Every structure is written in structure tokens, then in C-alpha cells.
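I have placed the structure first, in the form of C-alpha cells, so that the comments after it can refer back to it.
The values are calculated or read from the model by the stated rules, or taken from the named source; none is laboratory data. Keep in mind it's a predicted model, so treat the numbers as computed, not measured. All Cβ positions, even for glycine, are placed from backbone atoms using ideal geometry, and neighbour counts span all protein chains on display. Quick note on the areas: whole protein, heavy atoms, side chains included, nothing else; ligands and nucleic acids left out. Shrake-Rupley method; radii C 1.70, N 1.55, O 1.52, S 1.80 Å.
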Amino acid sequence: MQLKEMTVTAFIEELGSNSPAPGGGSVAALNAAQAAALFGMVATLTVGNQKYEAAHEEMKGYIAELQEYQKHFTDMIDKDANAFNGVFAAFKMPKETDEEKKARSAKIQEEYKKAANVPFSVGMDTLKLLPYAEPLLERGNQSAVTDVGVGLLALRLAVIGAFYNVKINLGSIKDEAFVAEKRAQMAEALEEMERTVDTLLQKVETSLA
């Protein structure tokens, strides 16, 4: 059974078992899906309230887009869990001759890059949810402002958690240019994300004061 098809209880039990997957990467993808879902819920609650009629068309557009993100990140729960399978398979390749050793080593490096790219894409794609938060806070249903806040917290966890999984794979990759590029991209993305999320969470706090 795919992880995304599990009940919440079954997923949590599997997460707490001695199986290496699902792990932190799948949880990061799940949090991204939850962030998209919470933002989508706020947009839906806005469309359903005549008090916010001026924002209905804008919010209807957000609903459709956020549903696509929700589906994407839900699919990534399983994709992340399977990302390391290629590395495991590469390590099982024969290594009797020099040619086999060379092929095995090259394949291992290739698969480590693939394994790093999956959580990297989760983290970078999650950042695409950020632009929805401010209009939801400003023009969305004000009774659901805390849901935007929780969505932002889930978004932050998703990005940081996904990048943790990138970084642990980078430690096994010998391509220095690849490693340097990924580290630079993540550092820039994290700085922007933290600055934006802090500003938006302050707006949430202000609305609750």
C-alpha cells in the first residue's frame, strides 16, 4: 500500500516503526501538503461567506491552484520514501573487477544525487505556497487567520525538514560543484523563507492581540 493511502493511525505507526521509510523526508512532504490544504481551506471559507464577496473570484482561483499543490505534495510523501531505493540497489551491484567497481561507484554517486534532488524539489516547491499567505491574511476569512498561521508553520517545517534530507545526502556526493550549488540555493531559499514567514506570522499575532 502507498503511504498516501494509509489512515492517519497506520501512517503514524509505520513512521514509529523500525522501518527506515517513511522518515523525515516524507513528513516534510506531508507538512507541505497540509500547508497547501490549510491555505485552500481558508480560501474556501472565504468564498463561502458573503461578507468577503469582493474576494470571491480571487479566492476561487487560489482554491484550484492549492488543490494541485496539495495533490503534488501528497504524491511526494511516497516519492521521498522511495528516493533512497536506488542507492540501496547501487550498493548491491557487483564489485569483483575494476570495471565493476568503477561502474558501481559511478552508479552510487548518480543515485545519491537523485536521492538529494527529491527533497530538494519538495523544499523549493513548498516555497511556492508563500505568496498565497499574505492575500489570505489580508482578504481572506478573518475567522480562519490562525489556520493561515498554522499553515505557515507547516510550510516552514516542510522546507527546513526537506533541506535536512538534502544535506545528509550531500555528505556522500563527491561532485563538489553539485554540492556547492545545492548548498547555496538552499541557503538563499531558507533566508528568504524565514524572513517572509516571520513577517507573516507577526501579522497573525497582531490580529490575535
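Annotations
- Report note on the peptides 14-24, 38-48, 122-132: ranked by the mean count of other C-beta atoms within 10 Å, highest first, their order is 38-48, 122-132, 14-24.
- Folded to 0 to 90 degrees: helix 98-126 orientation relative to the chain principal axis, Cα: 0
- Glu99 versus Ala180: modelled label distance in nm, points set 7 Å from Cα along the beta carbon direction: 3.5
- Once you reduce the stretch 149-202 and the stretch 1-15 to the center of their Cα atoms, the two points are 26 Å from each other.
- For the chain, the carbon plus sulfur part of the accessible surface works out to 54%, probe radius 1.4 Å.
- Over the stretch 81-180, equivalent-ellipsoid semi-axes from the Cα gyration tensor in Å: 41, 12, 8
- In order through the stretch 17-26: 3J(HN,Hα) via Karplus (6.51 cos²θ - 1.76 cosθ + 1.60), integer Hz, x for Gly, Pro: 7, 7, 6, x, 9, x, x, x, x, 5
- Top of Ala89, Ala37, Ala162 by mean-square fluctuation, Gaussian network on the chain, Cα under 10 Å: Ala89
- Backbone N under 17 Å from the Asn117 label point (7 Å along Cα→Cβ), restricted to the stretch 181-209: 181-183, 185-186
- Heavy-atom accessible surface of the stretch 16-79, averaged per residue, reaches 49 Å², computed with a 1.4 Å probe.
- Computed from backbone phi with θ = phi - 60° and the Karplus coefficients 6.51, -1.76 and 1.60, the 3J(HN,Hα) list for the stretch 176-186 is 5, 5, 4, 4, 4, 5, 5, 5, 5, 5, 5 Hz; x is used for glycine and proline.
- Couplings 3J(HN,Hα) of the stretch 54-60, computed from phi: 5, 9, 4, 5, 4, 5, 4 Hz, in residue order, whole Hz [Karplus 6.51 cos²θ - 1.76 cosθ + 1.60, θ = phi - 60°; x for Gly and Pro].
- Simple point charges give the picture: +1 on the Cβ of Lys and Arg, -1 on the Cβ of Asp and Glu, and for the stretch 143-199 a dipole about the Cα centre of about 200 debye.
- A DSSP coil position with no more than 16 other Cβ atoms inside 10 Å describes the following GluC sites (Glu not before Pro) in the stretch 75-107: Glu96.
- With the convex hull of its Cα atoms as the shape, the chain has an orientation-averaged projected area of 13.7 nm².
- Candidates Ala106, Ala36, Ala90: whichever shows maximal mean-square fluctuation once the chain is modelled as a Gaussian network with Cα springs under 10 Å: Ala106
- The stretch 140-209 - accessible surface per residue (Å², probe 1.4 Å): 53
- In the elastic network of the chain, a GNM with C-alpha springs shorter than 10 Å, the most mobile of Ile63, Ile168, Ile108 is Ile168.
- Once the Cα atoms are used to define both axes, helix 145-170 deviates from the longest principal axis of the chain by about 10 degrees.
- Count of lysine pairs in the stretch 84-134 with Cα separation under 24 Å (8 or more residues apart, or interchain): 14
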